[in-house]
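Notes follow the structure.
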Amino acid sequence: MKKINLFITALVLLSTVACKVDDYQDANPEPLLDGPYIYLNVADANNVASLRANNTLIHYTEFGGTMDIAINIPDSPAGVDSVFISLSEEIGSVSSDIDAFRGNTSGTLNIQYTAPAAEDEDATEFQTITVTVMDKQGKISNARSITTRAVACIPSQNLAGTYNTVMSGNTSEAFDGDNGDGTYSGLESTVSIVINTTGASLYAEHAGSVRISDISFGLYTAQGYGVPSARIGWCGADVSSFLAANNAAAAYSAFDGVINADGTLTITWENIYGDSGTATLTLQVEE
């Protein structure tokens with residue numbers, strides 16, 4: 001009987017200890033793992049990222065086009081459970097591969113934005129896409145956003161920036177450094193190209209509607225005149241439209257240009273006075 005009593009006492013003690021352990025664990029649960037952290041990368045295809053004049057980055061795409069966005073997740077120890085995507089405007093649509101990615105602790109979660117069709121109401125509004133992900137603990141990541149805008153046609157590369165230019169051609173007036181026979185060569189200058197942020201509807205802001213600070217690429221300055229400026233439309237690799245922005249540019253009779261395979265621009269122009277030029281523009285690269 002004594003042994004039985006001792007055995008029962010031991011069981012009671014073990015039960016009491018177990019209950020206290022359970023109570024402690026309930027009151028002191030395991031700490032949650034770190035939550036996810038994300039970055040966004042936009043694929044180069046079907047869009048061009050370009051700086052507006054106010055230095056904000058916009059991803060321009062064409063009406064009805066698709067834009068692939070990668071959500072890079074370096075670490076999500078508890079595993080990814082959900083993705084939340086919000087659109088600032090009720091245009092376009094978005095999808096993701098969360099069903100295939102769910103449970104992963106790191107990697108790339110892909111989403112795709114489809115731009116509105118040209119005939120859709122408010123199709124040209126700026127669209128901000130904001131993304132967060134939630135892990136299986138319910139922890140939500142930091143928010144990341146990009147801004148996009150649909151337009152009729154985009155250039156084959158971002159045009160905004162500062163360019164070094166070299167030009168040769170004909171001059172209607174002699175100037176220091178010309179060839180002495182009504183021609184010139186190796187004329188060097190610097191111009192800036194910015195995205196238009198104002199203007200008539202034909203030249204409404206988009207990546208392919210730009211203002212070039214000096215479309216004589218240094219020739220008018222060498223001749224002692226004010227510089228001509230213009231709004232230039234680009235579609236794909238080619239100049240698609242020209243609109244003089246001041247009186248000096250109004251005298252232009254021809255203006256054409258192309259984006260070359262190496263990223264340089266070649267622009268040819270002439271005016272009613274007999275001046276002309278072929279300029280090569282090379283983007284300045286910050287070191």
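FYI, it's all coordinate maths here, none of it is from the lab. None of these values were measured; they are calculated from a predicted model. Every residue, glycine among them, receives a Cβ derived from its backbone with ideal geometry; neighbour counts consider all protein chains shown.
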Write out, first by first residue and then by second, each pair whose Cβ atoms fall under 7 Å of each other, whose residues are 6+ apart or on separate chains, and whose first residue, in region 109-135, is surrounded by fewer than 18 Cβ atoms within 10 Å (Cβ to Cβ) while the second is among the charged types (D, E, K, R).
-> Asn110/Asp68; Asn110/Asp97; Gln112/Asp68; Asp122/Glu89; Glu125/Glu89; Phe126/Arg149
Across region 236-265, the tally of residues that are in contact with a Pro (Cβ under 8 Å, 6 or more places away or on another chain), touching a residue at least 60 places away in the same chain (Cβ under 8 Å) and of a type outside the set (Gly, Ala, Ser) stands at 1
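Could you identify the single residue in Thr114, Thr105, Thr128 that is more than 19 Å from Ala43 (Cα to Cα) and hydroxyl-bearing (Ser, Thr, Tyr)? Reasoning before the result, please.
Numbers: Thr114 fails: more than 19 Å from Ala43 (Cα to Cα); Thr128 fails: more than 19 Å from Ala43 (Cα to Cα).
Unique residue meeting the criteria: Thr105.
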Of all residues in region 140-192 being in a loop (DSSP other than H, G, I, E, B) and among the β-branched types (Val, Ile, Thr), the one that is nearest to Glu125 (Cα to Cα) = Ile154
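Can you find a residue in region 74-87 that is hydroxyl-bearing (Ser, Thr, Tyr), part of a loop (DSSP other than H, G, I, E, B) and exposed (fewer than 15 other Cβ atoms within 10 Å of the Cβ)? Let's see the steps before the verdict.
The initial filter retains those residues of region 74-87 that are hydroxyl-bearing (Ser, Thr, Tyr), namely 76, 82, 86.
Okay, now just the ones that are also part of a loop (DSSP other than H, G, I, E, B), so 76.
Going one step further and asking which of them are exposed (fewer than 15 other Cβ atoms within 10 Å of the Cβ), we end up with none.
Scanning region 74-87, I find no residue that is hydroxyl-bearing (Ser, Thr, Tyr), part of a loop (DSSP other than H, G, I, E, B) and exposed (fewer than 15 other Cβ atoms within 10 Å of the Cβ), so the answer is no.
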Across region 88-122, what is the number of residues that are in a loop (DSSP other than H, G, I, E, B), under 17 Å from Pro36 (Cβ atoms) and not small (Gly, Ala, Ser)?
-> 4
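I'd like the full set of residues that are part of a strand (DSSP E or B) and of a type outside the set (S, T, N, Q), limited to region 33-63. Outline the logic, then answer.
Filtering region 33-63 for residues part of a strand (DSSP E or B) gives 39-42, 47-52, 57-62.
Matches in region 33-63: Tyr39, Leu40, Val42, Val48, Ala49, Leu51, Arg52, Leu57, Ile58, His59, Tyr60, Glu62.
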